[in-house]
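A quick write-up on the structure given underneath.
The values are calculated or read from the model by the stated rules, or taken from the named source; none is laboratory data. Remember, it's a predicted structure, so these values are computed and weren't measured experimentally. Cβ: placed from backbone, ideal geometry, glycine included. Neighbour counts: every protein chain shown.
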């Protein structure tokens, strides 16, 4: 009876399903990197040239990998804070996974057409939308449905929702809009955003260890 | 000895395996959305035109994603009600996964030939069959093999089997038959069916919270 | 310290990894079924003709799906009997997964060249080898490394090893050899073998319920 | 509160996510083995010839499979030694998965161009880098962040880090450099390296059973 005791859904299987989707997306991305087909007798020089032409696809793959990793880490942290999952969060999670599972397409598009503003915009818009839906999930769980664990401070929770709306969607949107003016500048911004999340930061001391870990 | 104490199979690994299949299907669907190959110097206008031509494939992807999500949620809920899994349910589950794993094919078919009644019918027929096998699984577990947990009311269980046969298979069949008369009408119906399952409904008060969650 | 108390590896993560591989193989099989490309204005009749030509691929997909499902169920049952996993079984399991993950290739080969004896033989030989390695795993765990749970009767264990060597490898080998004489006959045998495993059988009464479930 | 009691992240979900990535990579490798398309009436002799031409791809698949299996086993063993996972290890693990998920590309490259030094070098360099990052992870967990379980001997831990740096990266690097001089020799070395890890070794008696298992 454990599963329904709190009148809610069990979060373990939703995490497992989401992890499966994350793992598949992150691994499928490489399938876009196709081995070049050389005609006639292939020599090393020719092969080297063909591999160098793949560099934009390679870069687009690394960027997407980093972004999906960050989404996974944040998803993991949000679910760690939850007591249980209700129907609303279940469907928001499905919407989030829909956007995530779309990522292989803009990644391939950017790899193929990295000089076309449209391709650069589609890539950034997908990331903006995904991070917006993720912020929505956090808001829903923390402030609307109130399904987070009881011993978390209100200050911390409100701060985490605010950061979730400001950091991800805002930085991805800024980079996306940059693409309308300067395509290469936008790609550089895309590459910098994951670094911000990965590099260690000084978190203010007033948060407890536990809360610091969840940011 | 926990696993065999009740003379039955452990349901954890079957859920994990099914979740894996669900996660892979839902993520593979996007692979049908191939980046368009443009000839010569590509310009944004040309790329935009090529992307717009992908819209039917995009729609077919979103519909399939929503339907597989719903199957996953319902599978999750059914297994939550079970005490254990017997051999019959094990093989029914394999049959269900066979139909589910077929979905990428009709999805691609619909995306490619959304004006051909045959493609629209094959898509709907797959969903009808999958929801029928799922209703069969529920009937088998609840009324035939009686492997559900002991504290569920008979009224609730019978109702859930009845709904399972009526809602899913019936609505998918109706949409499929519509395709024989009006192709676009059928596609609109396909798009509406998931909404019915996702949007919140008023569940009658006589069911307990727990039972309400499982419907 | 639980994991190493018995001087052994934890079986949970090996099961999870194997389940992942099973789930991916079973779902990837459908990717061989490619939507036919029609030239010019496509009409339903033309599309129907193109779909009918896919029937051999469709049959080869269903057969492989059934065979992989049976391998999964048997793998699941064998691991249920184990106390823990040692290094030998770990690498045997990797060898088994290698053969399993090869299955998409002979499946595609059979779908494409179902009239060529060579394709039919390659398909059967893969299944013969996979079931032979699985029987080897069972023999290793039960009779060689003796890592099964303590309360299983020796009679039952020996019988399960004997059956494992005789049933799977023998029936797949017989079907494979038939292909050298009669190609269609071999395919019919391939289709019948899974049915033998799936349909309910009368298990002799002298086995306990638990042991019956594991056969 | 269990998850954060030690001021750390839960390792279960990171293992599950990594296992998913491992399972997908290992299964995707076979997708490079494409069924040959024969023109006109195909006969067994023609098909046999086409299959024989696939042998280099087949060998490259088997080698990659073995190497990824070994990475999985070592990953599994390292995580078994950990008390918990901190942010540093989390991102090192993402970097390791990035390199792992790249493997399908050099595998396909080697299968296609097994006579080109460049292809052979790219394959070996990928494995060298992946094993180097893995050794880095082990060093980080064991000696830098000190997040291993308390009852492991310092001698054993230092030895395991030393071996991790020497064995994997060193042998892969040696094989990679060989490719600059003798392409076939390098491939033979690639094939031998996994055997070293898989075949049973005499482990010195002064390690406890538990520690022996983790090497």
Go through (1) modelled with pLDDT of 90 or more; (2) within 11 Å of the chain's Cα centre (by Cα); (3) more than 17 Å from residue A:61 (Cβ to Cβ) one by one and return the number of the condition residue D:119 breaks.
-> (2)
Could you check residue C:16 against (1) without any contact (Cβ under 8 Å) to a residue 40 or more places away in the chain; (2) under 25 Å from residue C:193 (Cβ atoms) and say which number it fails?
-> (2)
By residue number, the members of region B:99-111 that are more than 7 Å from chain C (Cβ to nearest Cβ) and farther than 15 Å from residue C:69 by Cα are B:103, B:106, B:107, B:110, B:111
From the residues in region B:112-125 that are facing chain C (nearest Cβ under 8 Å) and assigned to a helix (DSSP H, G or I), which one is surrounded by the most Cβ atoms within 10 Å (Cβ to Cβ)?
-> B:119
Restricting attention to region A:1-13, which residues are within 16 Å of residue B:82 (Cβ to Cβ) and either modelled with pLDDT of 60 or more or part of a helix (DSSP H, G or I) (or both)?
-> A:2, A:3, A:4, A:9, A:10, A:12, A:13
Just to be sure, is residue B:129 surrounded by fewer than 22 Cβ atoms within 10 Å (Cβ to Cβ) and more than 7 Å from every other protein chain (Cβ to nearest Cβ)?
-> yes
Being surrounded by 17 or more Cβ atoms within 10 Å (Cβ to Cβ) and modelled with pLDDT of 90 or more narrows D:23, D:16 down to just D:23
Selection count where residues are over 19 Å from residue B:74 (Cβ atoms), surrounded by fewer than 19 Cβ atoms within 10 Å (Cβ to Cβ) and in contact (Cβ under 8 Å) with a residue 60 or more places away in the chain, scope region B:151-180 | 1
Go through (1) crowded, with 22+ Cβ neighbours inside 10 Å; (2) within 15 Å of the chain's Cα centre (by Cα) one by one and return the number of the condition residue A:141 breaks.
-> (2)
For residue B:166, are the conditions met, namely being at pLDDT below 85 and within 16 Å of the chain's Cα centre (by Cα)?
-> yes
Filtering region B:38-56 down to residues that are surrounded by fewer than 19 Cβ atoms within 10 Å (Cβ to Cβ) and in contact with a helix residue (DSSP H, G or I) (Cβ under 8 Å, 6 or more places away or on another chain), which residue is farthest from the other protein chains (Cβ to nearest Cβ)?
-> B:56
Report yes if residue C:39 is more than 20 Å from the chain's Cα centre (by Cα) and in a helix (DSSP H, G or I), otherwise no.
-> no
Some residue of region D:188-204 being modelled with pLDDT under 85, more than 14 Å from every other protein chain (Cβ to nearest Cβ), part of a loop (DSSP other than H, G, I, E, B) and closer than 29 Å to residue C:95 by Cβ | yes
Say whether the condition of being at the interface with another protein chain (Cβ under 9 Å from one of its Cβ atoms), part of a helix (DSSP H, G or I), crowded, with 22+ Cβ neighbours inside 10 Å and more than 17 Å from the chain's Cα centre (by Cα) is met by at least one residue in region A:77-98.
-> no
